[in-house]
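Notes for the one structure printed next.
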Amino acid sequence: MEIGKKNAFVEFLKKYGIYCIVGIIVFAIALTFTLVATLHGTVETSTPSLNFRLPMSNSTVIKDYSDTELQNNETLNQWEAHMSVDMTSETGEVFAILDGVVLDVDYNYLDGYKVTIEHSDGFKSIYSSLDENVLVSEGYKVSAGEKIGIASNSANGELDLGSHLHFTLLLNDDHVDPNNYLDLQQK
Ligand SMILES: [Zn+2]
């Protein structure tokens, strides 16, 4: 009886084993495709296809971003990290880098006139050392590339740099290097 059962099983495998193997292979391939498609979808949704515009056109970077290396601030006579990029241009015009909503228009002694814009995907951009004639106000819906003001020397903390834009980019409220997102060096 035992042997009979065994033989029947072997006979079954001989007859249908190939179908089982083919079935398993087809299942494995389908599973792989599903996983790859899922992973790919996840990557695509977490990588924003944001269309960044430059905050100034034909600009020159006069002081670059540094988060660990200290740079000398001649105005304040101190060495400090500079988690922003300072730049100038002939016209001094300053533009919003992305669509967004103006969170704040503010003045303080060290930063001068300052506009903060909130964008999608956790980005905020901050434009400091603007002149007093800021073209946007709190709550205004701004478009990428829209002019928001003119660079000046209103930032008393960076007077040695003359008229310029002090540009800051935040991602989830942490400073990030704008050079990673924008071709500020325009090389
Ligand atoms: Zn600066």
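According to the Kirkwood relation over distinct C-alpha pairs, the hydrodynamic radius of the chain is 20.0 Å. Charges were assigned to the Cβ only: +1 to each Lys and Arg, -1 to each Asp and Glu. The resulting dipole of the chain about its Cα centre is roughly 1760 debye.
For the stretch 90-140, applying the loop criterion from DSSP together with a ceiling of 12 other beta carbons within 10 Å to the chymotrypsin sites (Phe, Trp or Tyr not before Pro) yields Tyr109. When Phe167, Phe52 are arranged by Cβ crowding within 10 Å, least crowded first, meaning fewest neighbours, the order is Phe52, Phe167. As a rough footprinting exposure proxy, the listed residues Ser125, Ser66 were ranked by other beta carbons within 10 Å of their own, and the order from fewest upward is Ser66, Ser125. Applying the criteria of a DSSP loop state and at most 13 other Cβ atoms within 10 Å to the GluC sites (Glu not before Pro) of the stretch 116-186 yields Glu132, Glu138. For the pair Asp104 and Leu70, a Förster radius of 35 Å applied to the C-beta separation gives a FRET efficiency near 0.80, rounded to the nearest 0.05. Entry note, the chain: relative contact order of 22 percent, from Cα contacts under 8 Å with a spacing of 6+ residues. In the stretch 102-187, inverting the average of 1/r over every pair of distinct C-alpha atoms gives 13.3 Å as the Kirkwood radius.
With a Cα cut-off of under 30 Å and a minimum spacing of 8 residues unless on different chains, the lysine pairs in the chain number 17. When each of His166, His175 is scored by the number of other beta-carbon atoms lying within 10 Å, the sequence from fewest to most is His175, His166. In the chain, helices alone account for a calculated mean residue ellipticity at 222 nm of -9000 deg cm²/dmol, with every DSSP H run of four or more residues adding -39,500 (n - 2.57).
In the chain, taking the dipole from charged Cβ atoms about the Cα centre, the farthest positive-side position among Leu161, Ile21, Ala81 is held by Ile21.
No value in this document is a laboratory result; all are computed from the given coordinates. Please read all numbers here as calculations on a predicted model, not as lab measurements. Virtual Cβ from ideal backbone geometry, glycine too; neighbours counted across all protein chains shown.
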